[in-house]
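Chemist: Starting off with a structure, shown below.
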Amino acid sequence: MKRLFTALGLLSVALILVACSGSGPNSNTGGGAGTPAASADPRALQIAANDLKFSTATLEARAGKPFQIVFDNQEGAPHNVSIYKDESAAEKILVEEPFSGPKTVTYQVPAQGAGSYFFRCDVHPEMKGTIEVK
């Protein structure tokens, strides 16, 4: 009986540690948004933030297909990549919490119709660009 209680106690501790480790679908190393970069599709779109600038102002994705954006925040300032229907930012497509770096996360973007979409860092709105979906 004592072994049963010991085994149940160890199992409970293990479950608590797993639950607190943040290993769910929206976790990454060190907290924040998105999923770990290690799970990124090799065809994922790549973008980085450094010196309060994005590495590119234009990204391209295929119409009608979900896609991933691997975002590499190379600095200590918090950043994110939020996607909106247009530059008014009135209609959200994907908005994740900003996170401080250096850290890389992968965003899962739902399928979009052909067209141009606006993206920006919500913390630093001067960091912006366009996603061309074709």
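Chemist: Output the strands (runs of 3 or more DSSP E) that fall wholly within the range 85-134 and possess 3 or more residues being without any contact (Cβ under 8 Å) to a residue 60 or more places away in the chain and not basic (Lys, Arg), or say none.
Modeler: Working: elements: 92-94, 103-109, 115-120, 128-133.
Of the strands (runs of 3 or more DSSP E) lying wholly inside the range 85-134, those with at least 3 residues that are without any contact (Cβ under 8 Å) to a residue 60 or more places away in the chain and not basic (Lys, Arg) span 115-120.
Chemist: Let me ask something else about it. Give the range 72-86 a look and list any residue that's more than 11 Å from the chain's Cα centre (by Cα) and within 21 Å of Ile131 (Cβ to Cβ), or say none.
Modeler: At the first step, the residues of the range 72-86 found to be more than 11 Å from the chain's Cα centre (by Cα) are 74-78, 83-86.
Across the range 72-86, the qualifying residues are Gln74, Ile83, Tyr84, Lys85, Asp86.
Chemist: Does Val70 satisfy the criteria of being under 13 Å from Ser55 (Cα atoms), assigned to a strand (DSSP E or B) and touching a helix residue (DSSP H, G or I) at 6+ places or on another chain (Cβ under 7 Å)? Even if it seems obvious, please write down each step before you answer.
Modeler: On the way: under 13 Å from Ser55 (Cα atoms): yes; assigned to a strand (DSSP E or B): yes; touching a helix residue (DSSP H, G or I) at 6+ places or on another chain (Cβ under 7 Å): yes.
Considered against the rule, which asks whether it is under 13 Å from Ser55 (Cα atoms), assigned to a strand (DSSP E or B) and touching a helix residue (DSSP H, G or I) at 6+ places or on another chain (Cβ under 7 Å), Val70 comes out as yes.
Chemist: I've got another one for you. Could you run through the range 111-127 and say how many residues are of a type in the set (Asp, Glu) and out of contact with any Ser or Thr (no Cβ under 9 Å at 6 or more places or on another chain)?
Modeler: 1
A short reminder: the numbers here are calculations on the coordinates, not readings from a lab. Just so it is clear, the structure is predicted and the values come from calculations on it, not from any experiment. Methodologically, a virtual Cβ is constructed for each residue, glycine included, from the backbone with ideal geometry; neighbour enumeration extends over all protein chains shown.
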